[in-house]
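The values are calculated or read from the model by the stated rules, or taken from the named source; none is laboratory data. This structure is a prediction, so every number in the text was calculated from the model and none was measured. FYI the Cβ positions are ideal-geometry reconstructions off the backbone, even for glycines, and counts take in every protein chain you see.
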Amino acid sequence: MKAVRIHSYGGSEVLKYEDTPRPDITDDEILVQVHAVGVNPVDWKIREGYMQQGLNHKMPLILGWDVSGVVAKVGSNVNNFQTEDDVYAYTSLRRNGAYAEYIAIPAHEVAHQPKSLDYIAAASVPVAALTAYQALFDAAKLSAGQTVLIHAAAGGVGSFAVQLAKNKGARVIGTASARNHSFLKELGVDEAIDYNQVHFEDVVYDVDVVFDTIGDEVQEHSWKVLKSGGILVSIVSPPSQSTATQHKVRAAFVAVQPNKAQLAEIAALVDAGILKPIVDTVLPLSETRQAHELSQSGHMRGKIVLQVIG
């Protein structure tokens with residue numbers, strides 16, 4: 001089968017489009033014929049070697065853990081999927097990914113994909129939607145009537161966070177460049193802030209939740225906008241617990257985890273028209289280098305998706 005692999009850590013030039021054996025499956029796995037795969041910042045971060053000690057990958061490595069496709073083979077212990085089922089998944093970063101024509105995935109990480117989506121749109125959902133879901137609801141316990149500040153609200157994760165928060169009944173403030181403000185309004189943002197023109201910490205105050213998707217100075221400036229007892233949740237870098245204590249607020253770090261039940265819930269929200277995936281760019285698998293370079297630019301609206309089967 002064709003796949004994109006890396007044989008060493010480095011820049012986008014280490015991505016190699018090449019032949020590799022089709023994976024075997026265990027009794028608890030399914031073999032998925034990949035139709036599309038989402039590109040996420042974690043892909044190029046792993047490619048550059050940022051997470052090599054924690055993940056302990058063996059080379060060569062197939063990247064890409066945001067996948068949609070068709071079940072090609074089912075392990076003997078798997079009873080909730082059958083061949084030809086349309087599925088989607090965020091699968092563990094510790095194994096080979098989905099920049100390939102086939103991927104073996106443990107059945108407990110896979111869900112039936114939303115019936116209303118094609119494979120391209122479905123592949124844009126799992127990582128971004130699960131990240132937003134787990135940050136807002138598992139960590140922050142966001143509830144109706146609360147106010148949440150979502151940084152980079154027009155991005156892949158941010159756009160799902162806006163929709164999930166609005167569906168929960170929260171008031172949503174989002175930061176984005178001015179060109180994305182009409183887009184944010186369409187998503188349901190109550191107040192859009194142009195980070196190029198305004199320091200958000202000068203105009204935002206007393207929010208219940210800050211969802212930090214950027215880190216660094218943005219995270220540091222976010223403490224002061226929280227009300228007492230509020231929470232800052234980051235998906236970029238662990239926020240300081242001592243700083244949180246100084247501001248009389250809470251802090252949490254979320255590293256997204258595969259979750260079949262949450263993917264099934266997300267699929268239901270998509271099919272009900274409550275969640276809408278936003279795809280910015282579609283490229284063939286052979287153009288993975290370009291996809292990584294676009295992702296690293298950090299100015300995407302929605303997601304980048306690689307099409308494996310046209």
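Put simply, of GLY229, GLY302, GLY215 the only residue that is in contact with a Gly (Cβ under 8 Å, 6 or more places away or on another chain), within 26 Å of TYR195 (Cα to Cα) and among the small types (Gly, Ala, Ser) is GLY302. Close contacts from the stretch 98-124, counting a first residue that is among the hydroxyl-bearing types (Ser, Thr, Tyr) and a second that is assigned to a loop (DSSP other than H, G, I, E, B) and crowded, with 23+ Cβ neighbours inside 10 Å, with Cβ to Cβ under 8 Å and a gap of 6+ residues or different chains, come to TYR99/LEU63; TYR99/GLY64; TYR119/GLN113; SER124/PRO277. Residues of the stretch 114-129 that are within 18 Å of SER237 (Cα to Cα) and either part of a loop (DSSP other than H, G, I, E, B) or out of contact with any helix residue (DSSP H, G or I) (no Cβ under 6 Å at 6 or more places or on another chain) (or both): VAL127 alone.
Conditions tested, residue by residue: (1) of a type in the set (Asp, Glu); (2) assigned by TED's automatic domain parsing to the domain that holds PRO238; (3) under 18 Å from LEU275 (Cα atoms).
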{"residue": "GLY156", "(1), (2), (3)": "no, yes, yes"}
{"residue": "SER159", "(1), (2), (3)": "no, yes, yes"}
{"residue": "VAL162", "(1), (2), (3)": "no, yes, yes"}
{"residue": "ARG171", "(1), (2), (3)": "no, yes, yes"}
{"residue": "SER177", "(1), (2), (3)": "no, yes, no"}
{"residue": "LEU184", "(1), (2), (3)": "no, yes, yes"}
{"residue": "ASP190", "(1), (2), (3)": "yes, yes, yes"}
{"residue": "ILE193", "(1), (2), (3)": "no, yes, no"}
{"residue": "ASN196", "(1), (2), (3)": "no, yes, no"}
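A count restricted to the stretch 172-187 and to residues that are surrounded by 17 or more Cβ atoms within 10 Å (Cβ to Cβ) and either charged (D, E, K, R) or in contact with a Phe, Trp or Tyr (Cβ under 6 Å, 6 or more places away or on another chain) (or both) stands at 1. Checking the stretch 143-162 against the condition returns a match, with at least one residue being surrounded by fewer than 24 Cβ atoms within 10 Å (Cβ to Cβ), in contact (Cβ under 8 Å) with a residue 60 or more places away in the chain and closer than 28 Å to PHE183 by Cβ. Might you check whether a residue that is among the β-branched types (Val, Ile, Thr), at pLDDT 95 or above and under 24 Å from LEU63 (Cα atoms) occurs anywhere in the stretch 148-169? No - not one qualifying residue is present in the stretch 148-169. Please verify whether the stretch 25-48 includes one or more residues that are over 13 Å from GLY97 (Cα atoms), aliphatic (A, V, I, L, M) and surrounded by fewer than 17 Cβ atoms within 10 Å (Cβ to Cβ). No, every residue in the stretch 25-48 fails to be over 13 Å from GLY97 (Cα atoms), aliphatic (A, V, I, L, M) and surrounded by fewer than 17 Cβ atoms within 10 Å (Cβ to Cβ).
I need the full set of residues from the stretch 68-95 which are under 29 Å from GLY54 (Cβ atoms), under 26 Å from the mean Cα position of the chain (by Cα) and of a type in the set (Gly, Ala, Ser), in order please. Scanning the stretch 68-95 gives SER68, GLY69, ALA89, SER92. State which residue is surrounded by the fewest Cβ atoms within 10 Å (Cβ to Cβ) when the search covers only the stretch 113-142 and only residues that are hydroxyl-bearing (Ser, Thr, Tyr) and over 15 Å from the mean Cα position of the chain (by Cα). Filtering first and then ranking leaves SER116.
Among helices (runs of 4 or more DSSP H) entirely within the stretch 199-310, having at least 1 residues that are at pLDDT below 95, out of contact with any Leu (no Cβ under 7 Å at 6 or more places or on another chain) and surrounded by fewer than 18 Cβ atoms within 10 Å (Cβ to Cβ) singles out 200-203, 216-222, 288-297.
Condition check ((1) outside the structural domain of LYS115 (by TED's automatic domain parsing); (2) within 19 Å of TYR119 (Cβ to Cβ); (3) in a loop (DSSP other than H, G, I, E, B); (4) among the aromatic types (Phe, Trp, Tyr)) across all residues:
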| position | (1), (2), (3), (4) |
| --- | --- |
| ILE25 | no, no, yes, no |
| LEU31 | no, yes, no, no |
| SER68 | no, yes, no, no |
| ASN77 | no, no, yes, no |
| TYR88 | no, yes, no, yes |
| LEU93 | no, no, yes, no |
